[in-house]
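S.K.: Dropping the structure in here first, questions after.
The values are calculated or read from the model by the stated rules, or taken from the named source; none is laboratory data. All figures in this text were calculated on a predicted structure; none of them were measured in a lab. Cβ placement follows ideal geometry from the backbone for every residue including glycine, while neighbour counts extend to all protein chains displayed. Please note that ligands, DNA and RNA were not included when accessible areas were found on the heavy atoms of the full protein model with its side chains. Shrake-Rupley method; radii C 1.70, N 1.55, O 1.52, S 1.80 Å.
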Amino acid sequence: MHRLRAVLAALTLGAPFAASAADITRIASSFEDDDPFDLFIDVGFERTQTRAKIIREQLAPVGSEPGRGDAAELWYKGVDARLNLRMAVGLYRDLELSFLLPLVFQQNERWDFTSQSSQSNSTIYSNCINPDGSPIAGCSGNDGVPLFGVPQESFRGGLGNLHFGLAYAFFNQDKDVTKPTWIVGIDYEAPTAKQRDPSVDTTNSDDRGNIGDRVHKYQLYTSFSRRIGVAEPYFKASYTIPVRGPVFYSNCDQRNADPATLGAPGNCGTGPWDRKETGIKAPKMVGMIAGVELVPFDRPQKHQKFTLDLRAIGNYVGAGRYHNELSAALRKLLTSEEYFQVGGMLGVTASASESFKIRAGGTFLYNTDHTLTNEELGKDLDGDGEINAGLGSPELNPTFDWRYDLVSRRFRAIGSTTFRFDLSASFNF
């Protein structure tokens with residue numbers, strides 16, 4: 001009985017398990033009495049796949065019950081495969097500076113008809129409306145002008161945006177077992193990647209398009225962890241603020257495109273419709289992670305450890321005009337509705353020595369249904385309480401397209417899921 005109580009005490013109080021913090025609160029620290037310098041180098045492969053069904057709003061046929069129906073148009077698949085190179089160095093005690101550079105091997109997208117749609121019945125092919133809302137002369141549903149071709153693929157890749165991070169641990173359980181590890185940090189994503197122009201043809205896999213959104217992103221975050229016996233629960237909250245960078249893309253950059261992609265290109269650069277108003281508007285994001293690391297095997301003397309990582313994930317993605325699931329097909333930035341991501345992750349980490357460990361993980365996220373073409377019609381400039389939608393009206397938003405931004409013609413992503421697999425090696429010096 002005494003032995004059982006001793007074991008339970010060790011598991012709950014963590015006396016012999018006062019080890020390093022969870023991976024999410026790992027921090028490089030230098031100028032310590034027993035550790036004058038910390039340098040972490042991480043090399044990781046990451047593959048993210050997103051699938052979604054894309055439906056389109058449509059009015060109910062004449063003679064049927066009034067209302068709107070949804071046409072199941074497309075299956076969407078997006079694959080992002082990259083190599084992440086990260087280095088973190090301890091500037092001082094519990095103060096870390098980090099750098100991350102992603103090398104994106106592929107950022108590919110594909111669109112295919114669903115089993116309910118085909119070229120003969122798809123609203124994508126039966127289009128008889130110009131972007132400005134005027135009818136196409138001599139057009140009928142049987143010989144319409146397609147919005148884009150299906151099936152279709154897009155191929156992109158290249159060097160991604162460079163990240164810089166600064167983090168500080170106010171408390172560190174490694175130094176004081178009575179306190180948790182608490183970190184506050186900022187991650188800055190610089191717009192270093194070449195500008196992604198959605199109007200460029202990227203259907204040739206031998207000539208991949210660029211991937212840069214030309215947006216500064218500032219992520220503020222805080223994370224906590226507390227080792228209790230063989231378990232280490234943790235929590236992280238983050239908030240990402242986007243700020244347009246130099247040479248950001250505007251839909252008005254293609255005001256003279258042929259075929260046209262804007263509803264009122266003549267309004268570009270006039271009145272309130274400057275580049276900031278018609279350009280990219282990256283979404284704000286809020287993220288929360290709660291999880292626990294379990295350590296079923298630990299040999300501190302040999303620095304050998306096996307860790308099982310379980311976490312729940314919740315993200316909020318705000319509304320904005322950016323590159324979404326249909327941008328490469330429609331050749332422009334599209335305004336997306338806000339949505340949530342909920343899911344989880346299962347990961348394992350194996351430490352073979354003090355200077356080397358390997359980690360693998362799988363993440364699954366469900367993305368709530370959201371509209372992909374949700375551009376605003378315009379602005380009430382004369383104060384009469386309504387927007388003049390007549391052809392040539394200066395109140396019309398130049399980027400509004402009557403073919404798919406109008407209610408009853410919009411596209412939506414439903415049943416969207418994201419799966420990510422990552423494998424990384426970490427070297428500690």
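S.K.: So how exposed is residue 323, as accessible area in Å² (1.4 Å probe, rounded to 10)?
M.R.: So the heavy atoms of residue 323 present about 40 Å² to solvent.
S.K.: Something else: What accessible area per residue comes out for region 77-178, rounded to a whole number of Å², with a 1.4 Å probe?
M.R.: Numbers: 4910 Å² over 102 residues.
Using a 1.4 Å probe on heavy atoms only, each residue of region 77-178 averages 48 Å².
S.K.: Magnitude of the Cβ-charge dipole of the chain, K/R +1 and D/E -1, about the Cα centre, nearest 20 debye?
M.R.: 1240 debye
S.K.: If you don't mind, there's one more thing I want to ask. Kindly report, to the nearest 10 Å², the accessible surface of residue 386 as traced by a 1.4 Å probe over protein heavy atoms only.
M.R.: Estimated to the nearest 10 Å², residue 386 gives 120 Å².
S.K.: Rounded to whole Hz and in sequence order, give me ³J(HN,Hα) for region 182-189 from the Karplus expression 6.51 cos²θ - 1.76 cosθ + 1.60, θ = phi - 60°, writing x for Gly and Pro.
M.R.: Using θ = phi - 60°, the values come out as 10, 10, 10, x, 9, 10, 10, 9 Hz.
S.K.: Rounded to the nearest Å, what's the spacing between the alpha carbon centres of region 325-363 and region 260-278? Just the number, please.
M.R.: 35 Å
S.K.: Would you please give the residues with an amide H less than 5 Å from that of residue 161, counting only those at least 5 places away or on a separate chain, with H modeled from the backbone geometry?
M.R.: 193
S.K.: At 1.4 Å probe size, with no ligands or nucleic acids counted, give the accessible surface of residue 37 in Å², nearest ten.
M.R.: Probe radius 1.4 Å; accessible area of residue 37 about 100 Å².
S.K.: Same structure, new question: Quick query: amide H of residue 415 versus all other amide H atoms, modeled in the peptide plane; which residues come in under 5 Å with a sequence gap of 5 or more or a different chain?
M.R.: Close amide H contacts, sequence-distant or interchain: 369.
S.K.: Which value, in Å², gives the accessible area per residue of region 198-253 when a 1.4 Å probe is used on the protein heavy atoms?
M.R.: Per-residue accessible area for region 198-253 comes out at 45 Å².
S.K.: Ignoring any ligand, DNA or RNA, what whole percent of the accessible area of the chain comes from carbon and sulfur when the probe is 1.4 angstrom?
M.R.: On the way: 12370 of 20940 Å².
Of the solvent-accessible surface of the chain, carbon and sulfur hold 59 percent.
S.K.: Order 342, 230 by their accessible area, 1.4 angstrom probe, all chains in place, largest first.
M.R.: 342, 230
S.K.: Given H placed 1.01 Å from N in the peptide plane, which residues other than close sequence neighbours of residue 284 have an amide H under 5 Å from its amide H?
M.R.: The answer is 318.
S.K.: Still on this structure: For region 131-268, just say rounded, prolate or oblate: build the C-alpha gyration tensor, square-root its eigenvalues into a ≥ b ≥ c, call rounded for a/c under 1.5, and beyond that prolate if a/b exceeds b/c, oblate if not.
M.R.: It comes out prolate by the Cα gyration axes.
S.K.: Across region 331-339, in residue order, what do the Karplus-derived ³J(HN,Hα) couplings come to in whole Hz, using 6.51 cos²θ - 1.76 cosθ + 1.60 with θ = phi - 60° and x for Gly and Pro?
M.R.: Computed from phi, the couplings for region 331-339 are 6, 6, 5, 10, 8, 9, 6, 5, 7 Hz.
S.K.: Let me ask you something else. Candidates (1) 20.7; (2) 22.0; (3) 26.9; which is the computed mean projected area of the Cα convex hull in nm²?
M.R.: (3)
S.K.: Now a separate question. Using the Karplus curve 6.51 cos²θ - 1.76 cosθ + 1.60 with θ = phi - 60°, what ³J(HN,Hα) values do you get for each residue of region 422-429, in whole Hz, with x for Gly and Pro?
M.R.: 3J(HN,Hα) across region 422-429, in whole Hz: 9, 9, 9, 10, 10, 10, 10, 10.
S.K.: Continuing with this model, one more query. Under a plain spin-label model, where a point goes 7 Å from the Cα along Cα-to-Cβ, how far apart in nm are residue 294 and residue 159?
M.R.: 4.4 nm
S.K.: Next question, about the same structure. If you roll a 1.4 Å probe over the heavy atoms of the protein chains, what accessible area per residue do you get for region 361-413, in Å²?
M.R.: Numbers: 2210 Å² over 53 residues.
It amounts to 42 Å² per residue over region 361-413.
S.K.: Shifting gears a bit: For 330, 95, what's the largest-to-smallest order of accessible area, 1.4 Å probe? Present the calculation step by step, with values, prior to reporting the outcome.
M.R.: Working: 330 10, 95 55 Å².
From most accessible down to least: 95, 330.
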